[in-house]
Amino acid sequence: MKKALYWQKLKNNTVQCSLCPHFCVIEEGKRGKCGVRENQKGILYSLVYGKPNSAAIDPVEKKPLNHFFPGTMTFSIGTAGCNLKCHFCQNYELSQSKPEDIPFYDMPPEKVVEEAIKAKCHSISYTYSEPTIFYEYVLDTAKLAKKKGLKNIFVTNGFINPKPLEELCKYIDAAHVDLKGFDEEIYSKTCGARLKPVLETLKLLRKKSVWFEVINLVIPNTNDDMKKIKEMCLWLKKNIGEDCVLHFSRFFPCYLMSDTPATPIETLEKAKETAEKAGLHYIYVGNVSEEENTYCPKCRKLLIRRSRHHILENNIEKGKCSFCKTAIAGRF
C-alpha cells in the first residue's frame, strides 16, 4: 500500500479525499467511490500502487492520439477502479472491479520504466481504467520516466481536481480526455459525475501546454443530439481552439447498456460534419473503418494514412505539411 496524496483528516478518524470532485468523506475501514482508496486508522491509502491489472504495448494511435508522435509505441498500464460509474463502460471488467478480486502484476514504477525501455517504447500510457484513481502510482512512474527520456500519456475522463492536475502537468506530455457528452444530465444519470469539472480540466491542460485530444463516444438516444454536439464543438473551438483534435467514436452494446443499439454510421458522419461546420480542423471517426487519416487543414492533402492504428504514409515534416508548409497541430 501507499499513503495517498490529497486528503485531510476529519473527526473520529474520518478523512476527506480531495483528489477528484467527488470529495469523498470516508469513514475508518471504508473506501471512496473509486474503490481503491481506503481509510485505515485515519490515514488514506492507495490499494493499487505498483499493482496494475493490465499491461501491454500499444501503438499510440490506439489511445487514441493521432497527433502525438504518430507511429510510436507506448507501454500501457492500468489498475482496477474508477471514479465514474458509466453505464456504457467498455472496460467495466477492470474499472468496476475491486483490486483484490482480479489478478495483478507486481510492477513498481522502476519496473514499468524498465519494461518500457526494454520494449523500445517512446512513452508510457496510464490508461484502461481511470488513472486519476491510481494517481500516486502515475506520478512516481511519470517522474522516473521523464528522467529516462520517455514521454508520459494520461488517458482520462477528466474528473480530477485542479491542484493534483497541476502537479501532474509537470510530468505529463500528452492526454486523451473522454468527454462523455455536453449535458450535465448525461453525466449525472449515466456516469455518476458532473460535466463542469471535466471542462475545467480541458482548459487547465491547455493553459499548461499539455498536448491533448478529445474523444466523444456517440451513443444512440443518449448523447447523439446534434444540437448538443454542435454546442460542444463550438465550446471546444472557443475555449481550446480550432486545432483541438476531436474523435467521434462508435458505440457498441455493452455493460449496462447492452440493449442499446450500435451507433448508426450516418450519425457519426453528421457529427463530423457538425464539427467541421463549427470550425474545428481535425476530426476523426473511430470504431468504424480501418482508416483514420490526417489531412492538412489548408491544402487538404493527405498527410498521414493509417490502417488499424498503423502508419502507412506520413507527409508531415518537422511539424509541417510537406506540400504547403502549413504548421500541423500536435507533437511530431
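If you scan the range 42-101, which residues turn out to be assigned to a strand (DSSP E or B), touching a residue at least 60 places away in the same chain (Cβ under 8 Å), touching a Gly at 6+ places or on another chain (Cβ under 9 Å) and of a type in the set (A, V, I, L, M, F, W, C)? Matches in the range 42-101: A55, F68. Taken across the range 16-33, residues that are at pLDDT 95 or above, aromatic (F, W, Y) and in the same structural domain as I133 (by TED's automatic domain parsing) do not occur at all. For the range 120-134, which residues satisfy the criterion of being farther than 11 Å from N152 by Cβ and either without any contact (Cβ under 8 Å) to a residue 12 or more places away in the chain or hydrophobic (A, V, I, L, M, F, W, C) (or both)? If the condition is that a residue be farther than 11 Å from N152 by Cβ and either without any contact (Cβ under 8 Å) to a residue 12 or more places away in the chain or hydrophobic (A, V, I, L, M, F, W, C) (or both), then C121, I133, F134 are the ones that fit.
For the range 143-174, which residues satisfy the criterion of being part of a loop (DSSP other than H, G, I, E, B) and not charged (D, E, K, R)? Of everything in the range 143-174, those that are part of a loop (DSSP other than H, G, I, E, B) and not charged (D, E, K, R) turn out to be G149, L150, N157, G158, F159, I160, N161, C169, Y171, I172. Taking the numbered list (1) polar (S, T, N, Q); (2) part of a strand (DSSP E or B); (3) surrounded by 20 or more Cβ atoms within 10 Å (Cβ to Cβ) in turn, Q16 passes all entries but (3). Take the conditions (1) out of contact with any Gly (no Cβ under 9 Å at 6 or more places or on another chain); (2) outside the structural domain of M226 (by TED's automatic domain parsing); A275 misses just one of them, which is (2). Search the range 249-303 for residues being of a type in the set (G, A, S) and at pLDDT 95 or above, and hand back the single one that is nearest to Y92 (Cα to Cα). For the range 249-303, the residue satisfying everything is S258.
Hey, can you tell me all the residues within the range 226-246 that are under 13 Å from G181 (Cα atoms) and either of a type in the set (S, T, N, Q) or free of Cβ contacts under 8 Å to residues at least 12 places away in the same chain (or both)?
K227
Tell me, yes or no, whether the range 286-307 has at least one residue that is part of a strand (DSSP E or B), among the polar types (S, T, N, Q) and closer than 16 Å to V245 by Cα. The answer is yes, given that some residue of the range 286-307 is part of a strand (DSSP E or B), among the polar types (S, T, N, Q) and closer than 16 Å to V245 by Cα.
As a summary of the residue check, K189 satisfies the conditions (1) within 24 Å of Y45 (Cβ to Cβ); (2) without any contact (Cβ under 8 Å) to a residue 40 or more places away in the chain; (3) among the basic types (K, R) except for the one numbered (1). Of all residues in the range 120-142, those that are surrounded by fewer than 24 Cβ atoms within 10 Å (Cβ to Cβ), of a type in the set (S, T, N, Q) and outside any loop (DSSP other than H, G, I, E, B) total 1. Tell me yes or no: at least one residue of the range 43-63 is acidic (D, E), in contact with a strand residue (DSSP E or B) (Cβ under 9 Å, 6 or more places away or on another chain) and assigned by TED's automatic domain parsing to the domain that holds M73. Yes, there is a match, as at least one residue in the range 43-63 is acidic (D, E), in contact with a strand residue (DSSP E or B) (Cβ under 9 Å, 6 or more places away or on another chain) and assigned by TED's automatic domain parsing to the domain that holds M73. Screening R300, R306 for residues that are loosely packed, with under 13 Cβ neighbours inside 10 Å and either touching a helix residue (DSSP H, G or I) at 6+ places or on another chain (Cβ under 8 Å) or free of Cβ contacts under 8 Å to residues at least 60 places away in the same chain (or both) leaves exactly one candidate, R300.
The values are calculated or read from the model by the stated rules, or taken from the named source; none is laboratory data. Note that the structure is predicted; figures quoted are calculated from it, not measured. Every residue, glycine as well, gets a Cβ built from its backbone with ideal geometry; the counts of neighbours run over all protein chains shown.
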